[in-house]
Amino acid sequence: MFWEKLLFVLLAVMLIWLIVRLIKANPGSFTLQNLNKSFYTMGILALLLIGFIAALVWMLGKGAS
């Protein structure tokens, strides 16, 4: 039990260290303009995924009756 908690903490510290290194290596990746583009793209993809799942559920419901 103790070793699992210790391993989890070490893994979390390593992940934070890797993220900080990534941000320092690419400071331009997190500009407001790039973040806006990313959120817009992810929003469009999320809406398409929701529509696709709704179509699948609709087809499954239609086939069951």
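Criterion applied to Ala12, Ala55, Ala46, Ala25 was being without any contact (Cβ under 8 Å) to a residue 60 or more places away in the chain and under 17 Å from the mean Cα position of the chain (by Cα), and the one residue passing it is Ala46.
For every residue, the table says whether it meets (1) surrounded by 10 or more Cβ atoms within 10 Å (Cβ to Cβ); (2) assigned to a helix (DSSP H, G or I); (3) not hydrophobic (A, V, I, L, M, F, W, C).
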| residue | (1), (2), (3) |
| --- | --- |
| Leu7 | yes, yes, no |
| Leu11 | yes, yes, no |
| Met14 | yes, yes, no |
| Gly28 | no, yes, yes |
| Gly43 | yes, yes, yes |
| Ala55 | yes, yes, no |
| Gly61 | no, yes, yes |
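Taken together, the values in this text are just the output of simple stated rules run on the coordinates, not laboratory data. As the structure is a computational prediction, the values presented were derived from the model and not from experiment. Neighbour counts run over all protein chains shown; Cβ positions are idealised from the backbone, glycine included.
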